[in-house]
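K.L.:
Got a structure for you, written out below as C-alpha cells; questions coming shortly.
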Ligand code: DC
C-alpha cells in the first residue's frame, strides 16, 4: 500500500523545512525536501557547465543522462554526493531558473512519487499539494512576512535573495507556487517553531503514526 503523504508548501524561509522535520519526527515519517532535489540539479548544471542562460532544449537533452538518488537523507547525482553544495550562493541563484524547466520538474516529480510508494512522508516544497500529490488530504501552506523571512535567512548565515526567488517561483508557467486547493494556511510570522509544529499536528489528529 502506498504511504501517507503530508504536503507542506510555501515561499522561501517560511519555516517549511524545520516544521516538516519536526512533524516527521513526531509521527515517525520520513522528511523529504523537494527543494534539495531542485538544488541538486542546479548544482549539476553548474558542475556540467551547461550554457547560460539555460535553454530548455539543452536541458532536455541533459536530463536523461542523469541518475538522481536519495540515500540516508543525502542526495546523489551520478553517484556524487551533492548534499554539501546545496546551500552555496551560486546554487541558490541558479535554482529558480532550473526549477522553471519542465523536464527538470518531471525528473524530480517522478523521484518524489517513487518515494511515496514505500514510505510515509512529510514532504516540503512549492507544488507538493498542488501538483505532485494533489490527492493527499493532508496539505499545509506556510507563510510569513517578507521581512521575517529575510531575517530568518540572515540568521542562518545564508546569502539568499529570497524575494527574487519568490518572484520567479510564483510567476513561472509550470507548477508555480500557489496555495493548494484544500490546504490549511498558517502564518508563521509571530509563531515559534514548536507552535507551528503543534498547529500542524493538531490538524493531523486522524493520521496514523508510521508503521515502519
Ligand atoms: O525549498 P528550497 O528553498 O530549498 O527550494 C529551492 C528552489 O527549488 C525554490 O526556489 C524553487 C524550487 N522548488 C520548486 O520549484 N518546487 C518545489 N516543490 C521545491 C522547490
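Any read-out appearing in this document is the output of simple, stated calculations on the displayed coordinates, not a laboratory observation. This structure is a prediction, so every number in the text was calculated from the model and none was measured. No Cβ is skipped: glycine too gets one built from the backbone with ideal geometry, and neighbour counts run over all protein chains shown.
K.L.:
What's the extension gain from residue 66 to residue 111 if we count 0.36 nm per residue and subtract their Cα-Cα distance? Display every interim value, and only then the final one.
P.N.:
Values: separation 45, 0.36 × 45 = 16.20 nm, distance 1.21 nm.
Length gained between residue 66 and residue 111: 15.0 nm.
K.L.:
A further question on this structure: Compare 15, 35, 84 in a GNM of the chain, Cα atoms joined below 10 Å, and give the one with the largest fluctuation.
P.N.:
Top of the fluctuation ranking is 84.
K.L.:
Relative to the first principal axis of the alpha-carbon coordinates of the chain, what is the inclination of helix 193-202, with its axis defined by its Cα atoms, in degrees from 0 to 90 and to the nearest 10?
P.N.:
70 degrees
K.L.:
Let me ask you something else. Beta carbons within 10 angstrom, averaged per residue: use that to sort the peptides 67-76, 85-94, 117-126, highest first. It would help to have the intermediate numbers written out before the result.
P.N.:
Values: 67-76: 13.1, 85-94: 17.1, 117-126: 22.4.
Put in order of decreasing packing, that is 117-126, 85-94, 67-76.
K.L.:
Find how much the distance from residue 73 to residue 48 grows on full extension, using 0.36 nm per residue of separation minus their present alpha carbon separation; answer in nm with one decimal. Don't jump to the answer; show the numbers that get you there.
P.N.:
Values: separation 25, 0.36 × 25 = 9.00 nm, distance 2.35 nm.
Gain on stretching residue 73 to residue 48: 6.6 nm.
K.L.:
Pairs of Cα atoms under 8 Å, at least six residues apart: use those to get the relative contact order of segment 42-185, whole percent.
P.N.:
Details: 128 pairs, mean separation 34.9, N = 144.
It rounds to 24 percent for segment 42-185.
K.L.:
Per residue of the chain, what 222 nm ellipticity follows from adding -39500 (n - 2.57) for every DSSP H run with n ≥ 4, rounded to the nearest 500? Could the numbers behind the result be given before it?
P.N.:
Details: 8 runs with 91 residues, N = 212.
Result for the chain, helices only: -13000 deg cm²/dmol.
K.L.:
Go through 104-114, 139-149 and give me the packing order, highest mean Cβ count within 10 Å leading. Don't skip to the end; give the middle numbers.
P.N.:
Details: 104-114: 17.6, 139-149: 19.5.
Those peptides, ordered most packed to least, come out 139-149, 104-114.
K.L.:
Once you have the Cα-Cα distance between residue 90 and residue 187, take 0.36 nm times their residue separation minus that, and quote the gain in nm to one decimal.
P.N.:
Numbers: separation 97, 0.36 × 97 = 34.92 nm, distance 2.93 nm.
Taking 0.36 nm per residue and subtracting the Cα distance, the gain is 32.0 nm.
K.L.:
Highest mean first, how do 195-203, 129-137, 6-14 rank when packing is the count of other Cβ atoms within 10 Å averaged over residues? Please list the in-between numbers first.
P.N.:
Numbers: 195-203: 16.6, 129-137: 18.4, 6-14: 25.7.
Highest mean packing first, the order is 6-14, 129-137, 195-203.
K.L.:
Nearest 10 degrees is fine. How inclined is helix 34-47 to the longest principal axis of the chain, computing both from alpha carbons?
P.N.:
10 degrees
K.L.:
Run the paramagnetic zone check for residue 21: 7 angstrom along Cα to Cβ, then residues of segment 163-201 with backbone nitrogen under 15 Å.
P.N.:
Residues 193-194, 197 fall inside that zone.
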